[in-house]
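Some notes on the structure that comes next.
The values are calculated or read from the model by the stated rules, or taken from the named source; none is laboratory data. A quick note: this is a predicted structure, and the numbers were derived from the prediction, not measured. Here the Cβ is made from the backbone with ideal geometry for all residues, glycine too, and neighbour counts use every protein chain on show. Surface areas here come from the heavy atoms of the whole protein model, side chains and all, with no ligands, DNA or RNA. Shrake-Rupley method; radii C 1.70, N 1.55, O 1.52, S 1.80 Å.
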Amino acid sequence: FFIDLSQISKADFGFMSMEEDAERKNHWVTLSEDGQWRRRVFKGVDIESGLPGIYFANVIGKDYVDWLGRDKFRTLPCHTQRDLDDGSIFVQTAGDLDYYLQPDGSAKDRAIIQHLGKDAFFDILQPERKARVPDFAVRAKE
């Protein structure tokens, strides 16, 4: 279903994960001036934040695959990958949906991101950092 939905919608990037994993990678909790905790969301706010990350299941659209380097996907350190008919690639990080709770879970994400190019991905530890983005994404924003 996830792959079909990504194909029908012609998604440039799509992911499926547990809500807790997505929050961990994309929400920064800060203390406000009045002493109340609030959540600050970064994912998807600005294309210059880069690709939002790697999750349990990911569909990376053809334009992003070509931009990142199609050859890199042939040696991607992931559980499963599959070329899709439209040139996109499906990437499954691990065999279990709750992999991110395991001691080496974050290492799996980091290995994939490092392999594809860390500078193209949003990083919650550096939320203000401008990621490298493709020209086609910047043109789409204008």
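Of everything in region 98-123 that is open to solvent by less than 90 Å² (accessible area, probe 1.4 Å), part of a loop (DSSP other than H, G, I, E, B) and at pLDDT below 90, the residue that is nearest to residue 65 (Cα to Cα) is 122. Just a yes or no: is a residue in region 124-134 in a helix (DSSP H, G or I) and open to solvent by 80 Å² or more (accessible area, probe 1.4 Å)? No, because not a single residue in region 124-134 is in a helix (DSSP H, G or I) and open to solvent by 80 Å² or more (accessible area, probe 1.4 Å). Scanning region 72-126 for residues that are over 23 Å from residue 27 (Cα atoms) and of a type in the set (Phe, Trp, Tyr) yields a count of 2. Entry remark, region 47-78: residues being in contact (Cβ under 8 Å) with a residue 60 or more places away in the chain and either open to solvent by 20 Å² or more (accessible area, probe 1.4 Å) or not in a loop (DSSP other than H, G, I, E, B) (or both) number 8 in total. State all residues of region 93-136 that are out of contact with any Asp or Glu (no Cβ under 6 Å at 6 or more places or on another chain) and of a type in the set (Phe, Trp, Tyr); if no residue qualifies, say none. Within region 93-136, 99, 121, 122 qualify. For region 3-26, the set of residues classified as closer than 20 Å to residue 63 by Cβ and open to solvent by less than 70 Å² (accessible area, probe 1.4 Å) consists of 3, 6, 7, 11, 13, 14, 15, listed by residue number. One residue stands out in region 79-97 among those that are farther than 11 Å from residue 65 by Cβ and outside any strand (DSSP E or B): the one that is most open to solvent (accessible area, probe 1.4 Å), namely 85. Checked against the criteria, residue 90 does not count as within 14 Å of the chain's Cα centre (by Cα), at pLDDT below 95 and within 19 Å of residue 12 (Cβ to Cβ). Contact annotation: residue pairs with Cβ atoms under 6 Å, 6 or more positions apart or on different chains, pairing a residue in region 101-113 that is under 16 Å from residue 20 (Cβ atoms) with a partner that is in a helix (DSSP H, G or I) and open to solvent by less than 70 Å² (accessible area, probe 1.4 Å), are 105/99.
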